[in-house]
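Q: Below you'll find the structure I mean.
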Amino acid sequence: MASIKLNKNYGSMTVAGIIQKVEPAQGFMTASLLSGDVIRIDVAKSTWYRVLSNVGDEARDRVPDPLTADVEKALGKREDASDQALWDAKYQLLKYIRVGVMVAIRGVSSQNGDDFSLSARVVTLMHSMPDRYGWEDTHWWLQQIGVLFEQWMDVLFDNRRELTENDFSYFYRTNLDLLGGKTGNDTQECATMSRFLYGLSSSYLLTGNNRAFSAASACAKYLVNAFSTLTHDHMYCFWKFGRKHDGKSVKDIISSQNGDDFGTYALYEQIYALAGLTQYYRITQDTSILFYITRSINAFEKFFLDENRPGDPCFTGAGGYFSHIDPVTMRPDSPSLKQNSMRKNWNSVGDHIPAYLINLLLAIDPLPVALENDSWKRLLTLCRKILDDCVENIITHFPPKDDSKFVNERFYADWSPDHEWGWQQNRGIVGHNLKISWNLTRCGHYYAYLSEHFRNEGDGAGEKKYLDFSKRCYETAQKLGKNMEEAGVDLIRGGIYDALERNPGNGTPTEFAWETTKDFWQQEQAILAFYIMAGIPDEYQTKEDGGRFLEFARYCAMFWNAYFIDQENRKIYFRVTESGAPVVQDGYGIQGGHAIAGYHSFELNYLAHIYIRTYTAKSKGQDESFCLSFQPQNCEGVKTFNVLPDFFRPGDLKIISVKFNGVPREIRDPSRFQIDIEDIPAGTKIEVEFMPIRREDSASAEHQIRKEREGALDSSCCATGGR
């Protein structure tokens with residue numbers, strides 16, 4: 001490609017990197033970017049410095065002044081300088097910048113033919129201490145979720161502290177403007193409200209805020225009472241799209257109103273109706289809520305699952321779930337579905353995992369101790385089957401089989417890729433690729449747990465099956481993560497891009513489908529994916545790979561906290577430019593839409609907190625533990641309560657404290673994440689404190705033990721005919 005040298009080309013430019021060199025006397029620094037480029041940045045009299053702030057934060061700049069002797073050695077005395085304003089700029093450079101620190105810099109680029117310069121205007125440090133990152137401090141994500149939660153509640157519910165079902169019926173609405181105010185659209189979307197319920201429940205899990213629990217309880221009740229539709233035999237549950245005032249009363253809207261899914265039962269909308277309910281079930285174990293969850297899963301299996309059905313050629317038996325069905329005929333092959341007829345996609349297959357399966361499995365595995373246990377066993381068997389099917393289909397069908405770096409996202413019934421569907425065409429969504437990496441890594445952890453479980457049960461075949469499954473999850477997750485490094489990660493500024501062509505035709509690794517913008521939900525997927533992949537066991541990745549994933553995680557977390565936080569309105573911007581400027585035109589200022597809805601940002605707060613606490617080493621003297629809050633309700637004969645925060649490997653965490661209504665309880669086994677609740681009344685607040693188990697000292701020994709175990713399993717399977 002020809003090199004273009006523009007004359008008199010000036011503009012704003014943002015970069016992020018690690019400082020390699022500081023020259024206060026000459027007034028410049030150099031930074032190494034993720035791309036490997038080293039760039040010189042000059043300072044000007046108008047350059048100013050800040051320390052990264054959290055949402056609703058006070059100024060966090062606590063960088064100490066340098067010693068007078070060091071200043072005079074480097075710059076001389078201020079009164080002797082011919083230009084004291086320039087001396088001040090050099091002093092600020094000396095004070096704030098150290099070799100090895102991460103910085104984000106917004107400046108002015110100037111190009112005139114071969115001459116290029118970048119002059120800093122705003123320099124953002126990640127922490128006042130050189131070796132720290134603000135978002136990896138103890139309370140960062142707790143503060144963020146707390147502030148976001150309170151802002152949503154105050155705007156939506158007029159400062160109410162105790163919430164009722166009537167409050168949600170009257171006040172809740174899906175669409176809010178940039179400031180959180182009401183718009184002309186008063187529709188209440190079911191799947192969006194459930195996402196909001198996920199955020200309310202997550203806020204309670206992290207903070208124990210009673211307002212969050214009150215709101216979550218009220219929201220859950222309204223959701224099931226206003227939006228659920230049970231079949232005549234109460235075996236299946238479908239969810240209405242929404243409710244809307246028609247001038248005199250409230251009108252139920254049955255089928256989807258979203259453009260791509262209009263007039264259908266879209267499976268991803270049905271799936272996300274469970275997202276909040278399942279997270280709420282995690283904190284309450286309320287079996288009346290579980291009733292609707294299990295009936296919805298029954299509907300997925302009955303109406304969307306592509307399994308062998310003799311006499312019905314529509315169902316091919318190829319596995320996976322159809323993306324849409326006709327709400328009249330209840331079939332996936334109806335001509336009324338148009339481009340969605342007989343299709344499968346990422347959302348209809350992969351979204352089962354993060355939306356409800358993981359949280360439901362956390363709640364029921366290990367099995368609850370209950371008066372009647374057969375139904376729990378059947379539910380656990382079904383959930384494992386669904387998870388195995390989804391994971392197998394993702395690993396088998398989604399990764400690229402051509403030269404593309406991106407997964408296939410849409411399919412015909414037989415799993416052949418559909419590269420001509422609607423707006424998607426032959427395009428990849430960076431966030432979807434990293435969402436797969438994130439969730440396959442979570443599943444790899446769960447399968448590692450199952451492998452150990454079956455080993456303890458003396459089931460060698462089960463042990464090997466899930467050990468192999470775990471390995472395949474890790475390998476696919478890492479491959480996709482590395483692919484995104486090459487094509488989807490912004491190696492100049494941090495963060496990730498949005499929609500890209502799967503097969504670039506512009507001679508570069510990245511070709512944009514539309515603009516170079518970045519969406520908030522995709523940054524969430526990237527942060528969680530890279531942090532959890534950094535914690536993949538050493539036997540499945542090199543230290544270099546783990547270190548690279550941690551580096552990406554930090555650059556993505558930096559971009560989120562530096563550019564997506566709306567400090568004035570205590571909210572999260574939906575979209576920003578590649579350099580971090582907010583985009584609010586064309587509907588992107590809407591705060592309550594189905595994509596934003598108090599879901600992804602709260603999910604990020606919750607999981608980033610526990611991943612960072614678990615997988616990143618802390619500076620000397622920093623506390624490493626974290627706490628979660630639960631509150632059992634209506635448990636109906638269930639005598640235990642599962643409290644594992646997410647899918648973790650055996651040996652990642654231990655419990656160091658349990659309190660019931662503030663009173664400590666004895667911990668008989670720190671590695672048993674099941675709490676006995678037989679002797680406590682409903683509504684008891686349970687606080688559980690977890691501590692990560694560091695593996696550095698025992699990593700090589702564990703690796704050797706695992707290798708020996710794998711060898712023994714291979715031999716035993718050969719001896720029994722390879723079962």
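The values are calculated or read from the model by the stated rules, or taken from the named source; none is laboratory data. These numbers come from a predicted model, not from an experiment. Cβ sites come from the backbone with ideal geometry, for glycine too, and all protein chains shown count toward neighbours.
Q: Considering only the range 189-213, state which residues are more than 22 Å from Lys571 (Cβ to Cβ) and part of a helix (DSSP H, G or I).
A: Cys190, Asn210, Phe213
Q: Do we have any residue at all in the range 674-690 that's modelled with pLDDT under 85, closer than 30 Å to Asp468 by Cβ and either part of a strand (DSSP E or B) or charged (D, E, K, R) (or both)?
A: Checking the range 674-690: not a single residue is modelled with pLDDT under 85, closer than 30 Å to Asp468 by Cβ and either part of a strand (DSSP E or B) or charged (D, E, K, R) (or both).
Q: Kindly evaluate Glu486 against the criterion of being within 17 Å of Leu34 (Cβ to Cβ) and in contact with a Pro (Cβ under 6 Å, 6 or more places away or on another chain).
A: Judged against the criteria, Glu486 is a match.
So that you can scan it fast, the table gives a plain yes or no per residue for (1) surrounded by fewer than 16 Cβ atoms within 10 Å (Cβ to Cβ); (2) over 31 Å from the mean Cα position of the chain (by Cα); (3) under 30 Å from Asn569 (Cα atoms):
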position: Ala31; (1), (2), (3): no, no, no
position: Ser46; (1), (2), (3): yes, yes, yes
position: Leu52; (1), (2), (3): no, no, yes
position: Ala59; (1), (2), (3): yes, no, yes
position: Tyr96; (1), (2), (3): no, yes, yes
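Condition check ((1) among the aliphatic types (A, V, I, L, M); (2) surrounded by fewer than 17 Cβ atoms within 10 Å (Cβ to Cβ); (3) in contact with a Gly (Cβ under 9 Å, 6 or more places away or on another chain)) across all residues:
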{"position": "Tyr321", "(1), (2), (3)": "no, no, no"}
{"position": "Leu387", "(1), (2), (3)": "yes, no, no"}
{"position": "Asn393", "(1), (2), (3)": "no, no, yes"}
{"position": "Lys401", "(1), (2), (3)": "no, yes, no"}
{"position": "Lys405", "(1), (2), (3)": "no, no, yes"}
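Q: With the condition kept exactly as written, say whether any residue in the range 559-576 is assigned to a helix (DSSP H, G or I), of a type outside the set (Phe, Trp, Tyr), at pLDDT 95 or above and in contact with a strand residue (DSSP E or B) (Cβ under 9 Å, 6 or more places away or on another chain).
A: Yes, the conditions are met somewhere in the range 559-576.
Q: Next up: When you go through (1) touching a residue at least 40 places away in the same chain (Cβ under 8 Å); (2) outside any helix (DSSP H, G or I); (3) touching a helix residue (DSSP H, G or I) at 6+ places or on another chain (Cβ under 8 Å) one by one for Ser255, which number turns out not to apply?
A: The single condition Ser255 does not satisfy is (3).
Q: Something else about it: List the pairs whose first member sits in the range 72-87 and is among the polar types (S, T, N, Q), whose second member is assigned to a helix (DSSP H, G or I), and whose Cβ atoms are under 7 Å apart, counting only residues at least 6 apart or on separate chains?
A: Gln84/Arg78
Q: Next up: Say we look at the range 151-165 and pick out the residues that are part of a loop (DSSP other than H, G, I, E, B) and modelled with pLDDT of 90 or more; which of these is surrounded by the most Cβ atoms within 10 Å (Cβ to Cβ)?
A: Leu163
Q: Only one of these is more than 21 Å from Lys401 (Cβ to Cβ), touching a Ser or Thr at 6+ places or on another chain (Cβ under 6 Å), buried (at least 17 other Cβ atoms within 10 Å of the Cβ) and in contact (Cβ under 8 Å) with a residue 60 or more places away in the chain: Arg493, Arg502. Name it.
A: Only one candidate passes the filter, namely Arg493.
Q: Please work out which one of (1) crowded, with 19+ Cβ neighbours inside 10 Å; (2) assigned to a helix (DSSP H, G or I); (3) within 24 Å of the chain's Cα centre (by Cα) is the condition Ala104 fails and give its number.
A: (2)
Q: Can you list residue pairs whose Cβ atoms sit under 7 Å apart, with the first residue in the range 4-33 being under 23 Å from Gly113 (Cα atoms) and the second being exposed (fewer than 13 other Cβ atoms within 10 Å of the Cβ) and small (Gly, Ala, Ser)? Count only pairs 6 or more apart in sequence or on different chains.
A: Filtered contacts from the range 4-33: Lys5/Gly113; Asn7/Gly113.
Q: Filter the range 202-222 down to residues that are surrounded by 24 or more Cβ atoms within 10 Å (Cβ to Cβ) and among the aromatic types (Phe, Trp, Tyr) and give me whichever is nearest to Leu362 (Cα to Cα).
A: Among residues in the range 202-222 that are surrounded by 24 or more Cβ atoms within 10 Å (Cβ to Cβ) and among the aromatic types (Phe, Trp, Tyr), the one nearest to Leu362 (Cα to Cα) is Tyr204.
Q: Another question about this same structure. For Asn298, state whether it is of a type in the set (S, T, N, Q), surrounded by fewer than 17 Cβ atoms within 10 Å (Cβ to Cβ) and in contact (Cβ under 8 Å) with a residue 12 or more places away in the chain.
A: yes
Q: Contact list please: Cβ distance under 7 Å, first residue in the range 640-664 and under 13 Å from Cys627 (Cα atoms) and among the polar types (S, T, N, Q), second residue surrounded by fewer than 18 Cβ atoms within 10 Å (Cβ to Cβ) and at pLDDT 95 or above, pairs at least six apart or on different chains.
A: The qualifying pairs are Ser657/Pro664; Ser657/Glu689.
Q: Kindly provide the set of residues from the range 639-673 that are touching a helix residue (DSSP H, G or I) at 6+ places or on another chain (Cβ under 7 Å) and either part of a loop (DSSP other than H, G, I, E, B) or within 24 Å of Ser214 (Cα to Cα) (or both), ordered by number.
A: Passing the criteria: Asn642, Leu644, Pro645, Asp646, Phe647, Phe648, Arg649, Pro650, Asp652.
Q: Let me ask another. Looking only at the range 302-314, filter to residues that are in contact with a strand residue (DSSP E or B) (Cβ under 8 Å, 6 or more places away or on another chain) and outside any helix (DSSP H, G or I); which one of those is surrounded by the fewest Cβ atoms within 10 Å (Cβ to Cβ)?
A: Per the stated criteria, the residue is Leu305.
Q: Here is a further query. If you scan the range 38-63, which residues turn out to be free of Cβ contacts under 8 Å to residues at least 60 places away in the same chain and not aliphatic (A, V, I, L, M)?
A: Correct list: Lys45, Glu58.
Q: If I ask for residues that are more than 15 Å from Ser341 (Cα to Cα) and not small (Gly, Ala, Ser), which ones from the range 247-264 would you list?
A: If the condition is that a residue be more than 15 Å from Ser341 (Cα to Cα) and not small (Gly, Ala, Ser), then Lys248, Val250, Lys251, Asp252, Ile253, Ile254, Gln257, Asn258 are the ones that fit.
Q: Now for a separate question. Name the single residue, out of those in the range 366-404 being in contact with a Ser or Thr (Cβ under 6 Å, 6 or more places away or on another chain) and among the hydrophobic types (A, V, I, L, M, F, W, C), that is farthest from Phe304 (Cα to Cα).
A: Val369
Q: Next question, about the same structure. Among the residues of the range 450-464, is there at least one that is small (Gly, Ala, Ser) and closer than 20 Å to Val349 by Cβ?
A: no
Q: Do we have any residue at all in the range 506-518 that's outside any loop (DSSP other than H, G, I, E, B), at pLDDT 95 or above and closer than 26 Å to Asp57 by Cβ?
A: Scanning the range 506-518, I find at least one residue that is outside any loop (DSSP other than H, G, I, E, B), at pLDDT 95 or above and closer than 26 Å to Asp57 by Cβ, so the answer is yes.
Q: Can you confirm whether the range 166-188 contains a residue that is under 26 Å from Ile271 (Cα atoms), aliphatic (A, V, I, L, M), assigned to a helix (DSSP H, G or I) and in contact with a Ser or Thr (Cβ under 8 Å, 6 or more places away or on another chain)?
A: No, the conditions are met nowhere in the range 166-188.
Q: Kindly indicate whether Trp141 is at pLDDT below 95 and crowded, with 21+ Cβ neighbours inside 10 Å.
A: Considered against the rule, which asks whether it is at pLDDT below 95 and crowded, with 21+ Cβ neighbours inside 10 Å, Trp141 comes out as no.
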